[in-house]
């Protein structure tokens, strides 16, 4: 599993386009909050949800395969129940993404194996927003303890 700090930081630095499967247009939903945060920090968010036409100013697609081929998705971030993830792992491999990221509480070893066998890095049971804030200096006023103590801003800070 990809969970060490250096690997998570590298993934976040190398990622620019994130397809968010299960993204809701409702501002109070965790998927919207996380995607909006990532968009506000310079990432392009591609919403994937058959129930909407647009979210966060981006066209929304019914499936990963419906994302136009000229859009190079770096990461697929999954906000779906664990049992829904194996087919999503196959789809993530099919669109040539680089990272298969399963959100907090989303755990499926079979889906992780499918993604790994397809050449993807896998992050499971982690929130991309929390990890970004923890590792990239985006916590600011929220006061969440990161476990990283320093009086200096890191040189790798991307914004």
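The values are calculated or read from the model by the stated rules, or taken from the named source; none is laboratory data. Treat the numbers as computed from the prediction; the structure is a model and nothing was measured. Glycine also receives a Cβ, built like all others from the backbone with ideal geometry; neighbour counts cover every protein chain displayed.
To keep it simple, each residue is scored yes or no on (1) surrounded by 21 or more Cβ atoms within 10 Å (Cβ to Cβ); (2) without any contact (Cβ under 8 Å) to a residue 12 or more places away in the chain; (3) farther than 18 Å from residue 45 by Cβ.
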residue	(1), (2), (3)
72	no, no, no
83	no, no, yes
92	yes, no, no
97	yes, no, no
101	yes, no, no
120	yes, no, yes
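Kindly evaluate residue 77 against the criterion of being crowded, with 21+ Cβ neighbours inside 10 Å, closer than 16 Å to residue 45 by Cα and modelled with pLDDT of 95 or more.
On the way: crowded, with 21+ Cβ neighbours inside 10 Å: yes; closer than 16 Å to residue 45 by Cα: yes; modelled with pLDDT of 95 or more: yes.
Criteria met by residue 77.
For residue 130, work out the one condition from (1) on the phi < 0 side of the Ramachandran plot; (2) surrounded by fewer than 22 Cβ atoms within 10 Å (Cβ to Cβ); (3) assigned to a loop (DSSP other than H, G, I, E, B); (4) in contact with a helix residue (DSSP H, G or I) (Cβ under 9 Å, 6 or more places away or on another chain) it doesn't fulfil.
(3)
Here are some conditions: (1) surrounded by 15 or more Cβ atoms within 10 Å (Cβ to Cβ); (2) touching a helix residue (DSSP H, G or I) at 6+ places or on another chain (Cβ under 8 Å); (3) more than 20 Å from residue 123 (Cα to Cα). Residue 58 meets all but one. Which one does it not meet?
If we test residue 58 against (1) surrounded by 15 or more Cβ atoms within 10 Å (Cβ to Cβ); (2) touching a helix residue (DSSP H, G or I) at 6+ places or on another chain (Cβ under 8 Å); (3) more than 20 Å from residue 123 (Cα to Cα), just (2) comes out false.
Within the bounds of region 106-113, is there any residue that is touching a helix residue (DSSP H, G or I) at 6+ places or on another chain (Cβ under 6 Å), buried (at least 19 other Cβ atoms within 10 Å of the Cβ) and part of a helix (DSSP H, G or I)?
At the first step, the residues of region 106-113 found to be touching a helix residue (DSSP H, G or I) at 6+ places or on another chain (Cβ under 6 Å) are 106-108, 110-111.
Still in the list and also buried (at least 19 other Cβ atoms within 10 Å of the Cβ): 106, 108, 111.
In the following step, the residues that additionally are part of a helix (DSSP H, G or I) were identified as 111.
For region 106-113, residues touching a helix residue (DSSP H, G or I) at 6+ places or on another chain (Cβ under 6 Å), buried (at least 19 other Cβ atoms within 10 Å of the Cβ) and part of a helix (DSSP H, G or I): present.
Give just the number: which of (1) at pLDDT below 95; (2) surrounded by 17 or more Cβ atoms within 10 Å (Cβ to Cβ) does residue 142 not satisfy?
The failed condition is (2).
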